[in-house]
Each structure stands twice: as C-alpha cells, then as structure tokens.
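Worksheet: the structure to be examined is printed underneath.
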Amino acid sequence: MAARDRYTSKIKCPKCHEEGVLHISEDDYPFMKNLHRAVDKVDGKFIACMQGEFEIKIICQSCNEEFVR
C-alpha cells in the first residue's frame, strides 16, 4: 500500500476574508492512476469536501460563500 503525503493549504474567503487552513492528504506513489486526495481536517469557520479528483469545494460558515480551490 502506498504512503500518504500530507500537507496544509491556507484558505481565505473571497467575500468576508475569513481565514483558515485545509489539511489534505493524497497517495504518495508516482505510478498510481488516482491520487485518492482527501480533506482530513479544516481549521477555521469552513466546511470543505472534495469535488471531483482535484478540486476542493469550500463553504465559509461566516457568510455562506461557496468557492473552489
């Protein structure tokens, strides 16, 4: 089984400028067809989930703005 690569990504709501951090993991093996990327945790007032294989849908809980990362 492949190892998981973990990293963080800062996010900022384009409407109200609330800030947070996404904790993301994905398979760390160069020959895999699918990275199996996942949002493991969200710091801040956001809800986040994968939308497709690469994009992350984010909803700001402060102003209900939806945006994609």
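What follows is calculated from the coordinates using simple rules that are stated; it is not laboratory data. The structure displayed is predicted, hence computed values, not measured ones. Every residue, glycine among them, receives a Cβ derived from its backbone with ideal geometry; neighbour counts consider all protein chains shown.
Based on Cα positions only, what radius of gyration and what Dmax would you give for the chain, in angstroms?
Computed over the Cα atoms of the chain, radius of gyration and Dmax are 13.0, 41 Å.
Out of residues 5 or more away from residue 65 or on other chains, whose amide H comes under 5 Å of its own, with H placed 1.01 Å from N in the peptide plane?
60
Might you list the cysteines of the chain that have no disulfide-compatible partner by the rule of another cysteine's Cβ under 4.7 Å?
49
Given H placed 1.01 Å from N in the peptide plane, which residues other than close sequence neighbours of residue 18 have an amide H under 5 Å from its amide H?
Amide H neighbours of residue 18, under 5 Å, 5+ apart: 13.
Report, ordered by chain and residue number, the aspartates and glutamates lying within cross-link reach of residue 15, taken as a straight Cα distance under 14 Å and ignoring same-chain residues fewer than 8 apart.
Straight-line reach from residue 15, under 14 Å: 65, 66.
Give the long-range amide H neighbours of residue 56: residues separated by 5 or more places, or on another chain, with amide H under 5 Å away, using H modelled in the peptide plane at 1.01 Å from N.
So residue 56 has HN proximity to 51, 69.
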